[in-house]
Each structure stands twice: as C-alpha cells, then as structure tokens.
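This report refers to the structure that appears directly beneath it.
Bear in mind these aren't lab numbers, they're just calculated from the coordinates by the rules spelled out. In this text the structure is predicted, and so the values were computed from the model without any measurement. Reconstructed Cβ throughout: ideal geometry from the backbone, glycine too, with neighbour counts over all protein chains shown.
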Amino acid sequence: MGRLAGHGAVLVMLAFGVYSLTTLDFSWSDVATSVRQAAKVFTLMDPVSLPPPGDLAYLIGLTLGIVVLGTLVAALISIPVAYVSAENTTPAGWLRVVGRAIGVVTRAVPDVVLALAFSLTFALGSSLPGILAIGIHSIGMISKLFADAVEQIDRGPQLALRAAGGSRAQEFWSAVFPQVLPSWIATVLHRFDINLRGSAILGYAGVGGLGYAMKVAFADFPQGYGRGLGIAAVIFVLCVVLEIVSSTIRRNLLGIDAVGNSLGRRIVRTATGNRPARRRPSGGAPAGGVEAALRRPWTRSRVRDLSWTGAAVVVVVASYWLADVDFSQVTWQYVLPTVQSFWPPNLGSHTLGDFLQALLVTVEVAFGAAVLSLVLSVVVGSLAARNVAPNGAVRGVFRTILVIFRGVPELVLAIFLIMITGLGDQAGVVALAFGGVGLLGKLVADSFEELPPGPERALTAAGATRGQRFLAATWPRGVPSLIGNSLYLVDTNIRAATVLGIVGGSGIGFYLTNASTVLTLHGQVTTLVIMVVLTVLAVEGIAAWLRRVFR
Amino acid sequence: MTAPVVSVSGVTKEFGTTRALHEVDLRVEQGEVVVLLGRSGSGKSTLLRHLDGLERPSAGAVEVLGEDLAALRPAALRALRGRVGMIFQRFELVGSLTVVENVLTGALARLRGPRLGLWSYPRSLKLAALTHLERVGLLDKTYQRADQLSGGEQQRVAIARALMQDPRILLADEPVASLDPESSDQVMRLIREIAADDGLTVVCSLHQVDLALDWGDRIVGLRRGAVVLDTTTDGLNRAQVMEIYGRVAASTAELMAIETELGDVVAGTTVRDGQT
Ligand SMILES: Nc1ncnc2c1ncn2[C@@H]1O[C@H](COP(=O)(O)OP(=O)(O)O)[C@@H](O)[C@H]1O
Ligand SMILES: [Mg+2]
C-alpha cells in the first residue's frame, strides 16, 4: 500500500515537472531563439573588457570586505546560537527550540531580501546592508552545522570538567569549543565560498562591489555586455581562487582533506597529489624548573598557530577598511521600525490567490528544471559510474563533464541572469537545470558506484548483455537514492528559483522585490517567506516519507 | 571521633528497570584509600558518580564533606565538586589542547566565568599547574598536545588536573584499566603517594583483585549493585577474597529469584569492618 502510494507520488511529481515545462512555454525552439538572441548581443556589445586596474582592485576589495565581514558576523553569532541549540550544551530545553528556530528562519530568508529591506536604514552605497544581509542569512547554515558538530563531540572531557565543578559556560569554552574549533573554521570558510558566489546576486539588490558593477554594465544594453562579461569572469576566477585558498587553509591548518568535487577543490587535490594532510608533532621540553617552564618555547606549531591568528586578524581589519564600514551611515531611527515592519505578516493590496499563483510559478520553475536535470543526469551520471560506463575513458569524459557543470555555474548563472529579464522563466529553468546536472549527475554516479556488485556479477555470469545488466540490476537498486537526490534538488531549486525570480522579476521573487523595498510592505515579505518555507518543508516531508517507503 | 568524609546511606539507584545500586551503605574516613571491587556492570561507576553529585539517588542519602548533596543548590554543588577530584578510565583530556591547558581546567571551579587559552589564567595558577606537572613528572611535556602523550602520561596529566582543584577527596574510576602493567603501577603508586602526602581520601574502583590488594587499605566489594564485602586488606589474600566472592556468587545464583532472601544473603556474608 505504502509502496503503491509512493510510486503514485513519484509519477505525479514527474508529471508535474513535465507539465511545468509546457506551461512555462518551455520548448527547445525557444531555447534556440534565445541562443540566437544571445549571439546577436555578442556581436553588438563592446569587446569583453575589464575595468581599469585601480577600479578593479577597489571592486574586488569591496566585494571581499563585505563577504568577509558578513561571514564573520554570522560566525560569531552562530556560537551562542549553536550553544543553546545543541542538546549537550543547551542550558534549557526551550532555548534549544529557540536556537533551532533562529537557524531555520535565518536560512529561509534570502540574503537578497534582507539587503533590499535594510537599504532604507542605511545611506545609499553603504556596505552595511550587504554585511548584515550575509551576516543574518548565514547564521542558519553555520549554526546548524556547528550545533551538529557540538553534538558529535566526545562527551568525556565535558563531563570531567562538570565533575571538577565547572559551570556550563566553562564546560563549553574549555572542553567543547576546543574540540569543535576545526569544524567551526571549516564551516565558516565553506560558507565564505558560498557567500562570495552569492555576492554577484547581492549586487542586484544594490550592494556595492563586483556584483553591482556587473549589474550596471549589463543595464547598458547591448554595448555594456562586454564589460559585464569581463566582470563576470573576474567573479568566477575570484571564486575559484578563494576556494583554493580556503581548501588549502582547511588542509594545512586543520588536517581536513579537500573533499567535494567543485573545481577549486579538485585543483587543490591535484596540486597536492592527493597526499593526506599531515600533522606535525608539536611541543618541546623546557629545561630547568617551574619558573623557567612558564615561558612557552617558540615551537613550530606555536609560530604557525600565531601566524594564522595574526593573518586572520589582518584579513578582518583589512576587510573593515576595504568595505569602508561607517556607522554614521546608519539612520538609527529607522532601525527599530525596519525590524518591526516585518510583523505581522499581511497580504497588502494583493490576494492570497496572487501570491499562490506566483508561488506556483516558482515551484514550476524548480520542478521543470529538476526534471530536465534528472533526464540529463541519469545519462551523464550513469556513464560516469565505474560499474556502468563501458570503459575507463568514457567514465573519465563524463566525470569531467560533471566537474565542469559544477564548477562553471557561477559564471553561467551570471550570463543567464542577463537574459532572464528578456527571456523570463525559461532562462531560470535553463540556469537551474544546468547547475542541477552537476549536482544530481554526481550523486547518481556516486550512488551507482556504491551499489554492491553481486547482482551485476550474477547476471554477467548468466550471459546478460551490458544493457540488460543495467536495466535488471543497477537501475532498480539505484532508483531509491535517485528519488531522494532529485527531491533534494527540487528543494534547493525552490530556494534558488526564489532568488532568480528576485533578479528576473518573476514568480514569488517579483512580489518579494516589490515588497522588500518599501517599509510599509514588509509584512508581505514575511508572508512570502513563510510560504516558501512551508513549500520547502513540504518537499522535505515528501522526501522523508519516500525514503521510508523505498528503503 | 571526626565525621566521615563520605557517608552513603541506603542508596538505591534505578535507571528505568535496571537497578544499578541496591541499598548501598558506605562510610569513608579522612585519609582512607578505599578500593571498590566488582565486575563490569556491578555499579562501581554509578556509586562514584553519586559521590560527586553527578547522579541523584532514587532512594537514600549521600553526604560528602559534611554536606547533604540533595540539599545543595547548583552553585554550592559546583563548589563541592571543586573539592572532589575525579579521574577516569579514559583520562578525558581535551586532546587538542596543551598539557598545561588541560591541567588548568582543574581550577575552573574557583574561577568566575569561562576561560579559553593559556593567557586567560592568572600567573599564580599557571605556576601552580606547572608545580603539579612537576609532581607527576611531566614538566617536560608542558606545552605538548595532550593527545600526543602515552596513556600512562595522559592519566598522570589527569591526576595533575585533579590536583589543580586542591581536592580533599580523589575519586578514581578504573584509572588503570586501559594501561599496560608498568604504567598502571606508576599511576597507582602516584595516587598512593599523593594520598599519603596530602592526606587525601581516595575512593578508587578496580576490577582486579590483585591490584585492589596491592593498593587499597580497604576493599569494598560490589555485586549487582549491592555491597557484598567490606574489609581491610591487612592480612587478606587473594584466595580469601575470591572465596568470599565465590560464596556470594553461589548463594546469589541460587537465591536470585527471591529478593528478600538476596538481601539476607548479602548481609550474612558481608565482612563488616566499618571502623579503621
Ligand atoms: N546512565 C545510565 N542509564 C542506564 N543504565 C545505566 C546508566 N549508568 C549505568 N547503568 C547501568 O547500571 C549498571 C551499573 O553500571 P556501572 O555503574 O557503569 O557499572 P561498573 O562501573 O561497575 O561497570 C549497569 O547495568 C549499567 O548498564
Ligand atoms: Mg565503570
């Protein structure tokens, strides 16, 4: 019974995805038209160019400064949030609920919406809205991963300090925090990478830096496109370079190996020949009594730790200076009203029907893109799996294709963003589908490779062909995880489609943009965000149910 | 006559349907070195945890240093825990911190507010920590990461951490169970030395009879959460201990089903020797 309902649900969702593609007027001829349109733009625009070196350096500095400070704000706030959220450190059960709720809400509100909403409180061109937007939105992910890490620590030392009379706060800082410090730094660096990529989109909300410069350039149609593409390329290179930097830091400082398949991490792994990170022994033997032992010897590890700390301080101070933070730009009397304006949620002059209609469009974009990704991922992902690909060369080619798909989207997305206004939802679908193949294709390949080889061997022994083996043994066993991974894709697609809608003015993003720029309309933002959160939760619920059904 | 340092009366502890302790009575006098003997699951850890207020009894009362633990407010309980040092089978050091930082955490109960890093402790405490490290013979490892030390060394760091508390009582839960014989010897010798020099009261659980005879003044035997043996080690040999255990085991096996009778058997075979 449960299985039957499960199959039914999967079919309904697939059908909905296909239906979405048709209602969004999605057809290959449209894609072809827009490609032709893009080609025309390419011929009309100025040659691809970069801003003058001075300007470029300023823009890069401003972008990095905002992203560093925003991520730092989130990292610091995440400590108390994780402290109350984790089961083994929380002072009270109800605080745990509060902490987890802060995580869910901050993750749900897109940083673009926050940036737009804060723009009132700050002088035009201030970097503070961007810092705050990144700072608040990133709390969700950092505090959740940090709280999870806290819950996974060895509880022994913590209990030992409790036994010695330590308070809860002392337990946390002396026994828990030192254990989770590496994972906290790793999470923060990871989030930094994500925020840097997102800063291109924040530019569309008026946050200064490369993203904003790109927006301005693209607004100059069609000549400015050359400059826009140049800046897009800078953003892409910056993302890859800093991903390499952050992976290297994680490797050397924390002994965490570069994992994942994004482009930067692959480069790190190739460059280091995939050697596992090494930990040098530390410490030394001070000679001559207790007094002498007070002086800590300058061991390599001490020098190294101090250098890293010093470098981190320099980066933060430099960011503060580069981002040109100026608190006199805050219009303090707007702060409280801005916060208050988000409550209560309301519909303004719209009807719930309007909002639901818009939400439907966003969900259709998400599902339509997911179906496209699914079809492509099954083909590409299968051929990238060792146990399906006919030979190593084919596997290598398709693995490489997946890496490119995963590595490139920052730039691709940026280029598609240009066309979205002209193209509407189809551009969103293509952009999301493209990135989705990189994600889902890799998950498909990995899940096929993880299947125990028994059944395939049995069929080979029975004389089955490659195709028969795939259909009879590999595919049926791979389907459950394929369903789970596809729903995960739908989930991230809904969030991404919301943000794309903000940039492209479609779906729920259209209303979000309008409502977040006017103080009196902020109640609508809350309504819209709640709708998105409920939708995402519903998808997560369906995914959890299907996982149980097809286990 | 002085009041006992530890006084456990009629303590029963139930975890759901598991009875970990069954009407345990135990008095420990100032300066005694008491060994809790018993197989795994007999309730040794649970009893020790009661002595530090880490567990609350289902029935009965625990008095430590003249204070009824059940009556203490959180701050007072923490202060009391500060005067009771505890060491563990798995040492429970923070591996990524240096040895001296681990030792310093023993002083937390006396400090207000959290600490992070060496610099956050006053110089006087740092000197004290180094003195304790010298005492356990690890001054040369002061600034090494704790997880780079051998098991025996880690346990000695844990002892230094306990000493940092200036404790009146030292509780040790199978302190040598994961050490080789040589390190075990070193650790047990250190504990005895400290107990003698500082007049510390020690309650130490072990599961090997020989170690208990070697290092304890007095042996308290636990079986299924009940005290079945309580005697000084003077003139006692392994065979005698085993005999008592064997008798209890046989009788218990026969009479397990009848709880009241189990109580009688326990009372009948216990060699009571409360005063020392
Ligand atoms: N926190 C707990 N929850 C449930 N049962 C426990 C808990 N602590 C101990 N027990 C049970 O109490 C009994 C005694 O355990 P313990 O005191 O750890 O014995 P020992 O230290 O002598 O090996 C065992 O049956 C154990 O499973
Ligand atoms: Mg135990």
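Fewest to most neighbouring Cβ within 10 Å: what's the order for A:Thr22, A:Thr43?
Values: A:Thr22 11, A:Thr43 7.
In increasing order of surrounding Cβ atoms, one gets A:Thr43, A:Thr22.
Can you list the residues, at least 5 places off or on another chain, whose amide H is less than 5 Å from the amide H of A:Ser127, using H built in the peptide plane?
For A:Ser127, the qualifying residues are A:Asp326.
May I ask for the distance between the Cα centers of the stretch A:469-541 and the stretch A:144-164, given as a whole number of Å?
Centre-to-centre (Cα) distance: 34 Å.
Once you've got the GNM for chain B with C-alpha springs shorter than 10 Å, pick whichever of B:Ser120, B:Ser42, B:Ser183 has the biggest mean-square fluctuation.
B:Ser120
Starting from the 7 Å offset along Cα-to-Cβ, what nm value, one decimal, do you get for the label separation of A:Ala15 and A:Ala538?
Once both label points are built, they end up 1.7 nm from each other.
If we count GluC sites (Glu not before Pro) as exposed when they sit in a DSSP loop and have at most 15 other beta carbons within 10 Å, what is the longest stretch of chain A that avoids them all?
Values: sites that count: A:Glu87, A:Glu450.
That gives A:88-449 as the longest site-free run.
Note the full-extension length gain between A:Leu181 and A:Thr520 as 0.36 nm times their separation in residues minus their Cα-Cα distance, in nm to one decimal.
Numbers: separation 339, 0.36 × 339 = 122.04 nm, distance 4.22 nm.
Using 0.36 nm per residue and subtracting the Cα-Cα distance, I get 117.8 nm.
Based on other C-beta atoms within 10 Å, arrange A:Asp491, B:Asp217, A:Asp326 from fewest to most. Provide the component values of the computation, followed by the final result.
Values: A:Asp491 20, B:Asp217 17, A:Asp326 12.
Fewest-to-most Cβ neighbours within 10 Å comes out as A:Asp326, B:Asp217, A:Asp491.
Rounded to whole Hz and in sequence order, give me ³J(HN,Hα) for the stretch B:212-218 from the Karplus expression 6.51 cos²θ - 1.76 cosθ + 1.60, θ = phi - 60°, writing x for Gly and Pro.
Calculated HN-Hα couplings, in order: 4, 5, 5, 10, x, 7, 8 Hz.
Work out the length of the dipole vector of the protein assembly as shown about its Cα centre, built from +1 on the beta-carbon of each Lys and Arg and -1 on the beta-carbon of each Asp and Glu, and round it to the nearest 20 debye.
Numbers: 72 positive and 64 negative charges, 376 e Å.
Computed about the Cα centre, the dipole is about 1800 debye.
List A:Asp154, A:Asp25 from most exposed to least, where exposure is judged by having the fewest other Cβ atoms within 10 Å.
Working: A:Asp154 14, A:Asp25 10.
The most exposed by this proxy come first: A:Asp25, A:Asp154.
Pull up all non-local amide H partners of B:Ser205: gap of 5 or more, or a different chain, and H-to-H distance under 5 Å with H placed in the peptide plane.
HN-HN under 5 Å from B:Ser205: B:Leu36, B:Ala172, B:Asp173, B:Glu174.
In the protein assembly as shown, how many lysine pairs have Cα atoms under 28 Å apart, counting only pairs 8 or more places apart or on different chains? Could the numbers behind the result be given before it?
Values: A:Lys40/A:Lys215; A:Lys144/A:Lys442; B:Lys13/B:Lys44; B:Lys126/B:Lys141.
Going through the protein assembly as shown pair by pair, I get 4.
When the Karplus curve 6.51 cos²θ - 1.76 cosθ + 1.60 is applied with θ = phi - 60°, which whole-Hz ³J(HN,Hα) does each residue of the stretch A:128-140 get, with x for Gly and Pro?
Calculated HN-Hα couplings, in order: 4, x, x, 4, 5, 4, 5, x, 6, 4, 6, 4, x Hz.
Relative to the longest principal Cα axis of chain B, at what angle does helix B:259-269 sit, 0 to 90 degrees, rounded to 10?
So the helix axis and the longest Cα principal axis differ by about 80 degrees.
List every residue whose amide H lies under 5 Å from the amide H of A:Gly224, counting only residues 5 or more places away in sequence or on a different chain, with H placed 1.01 Å from N in the peptide plane.
Under 5 Å from the amide H of A:Gly224: A:Asp46.
Could you derive backbone 3J(HN,Hα) for the stretch B:180-185 from the dihedral phi with the Karplus parameters 6.51, -1.76 and 1.60 (θ = phi - 60°), listing whole Hz in sequence and x where the residue is Gly or Pro?
For the stretch B:180-185, the Karplus curve yields 6, x, 5, 5, 4, 4 Hz.
With unit charges on the beta carbon (Lys/Arg positive, Asp/Glu negative), name the residue among B:Ala239, B:Gln89, B:Met164 whose Cα is farthest towards the positive pole of the charge dipole of chain B.
B:Met164
For the protein assembly as shown, with the dipole built from +1 on Lys and Arg beta-carbon atoms and -1 on Asp and Glu ones, taken about the Cα centre, which of A:Val216, A:Thr498, B:Ala146 lies farthest toward the positive end?
Checking the options against the dipole of the protein assembly as shown, the answer is A:Val216.
Quick one: Cα centre-to-centre distance for the stretch B:158-207 and the stretch A:189-258, in angstrom?
Here the two parts' Cα centres lie 57 Å apart.
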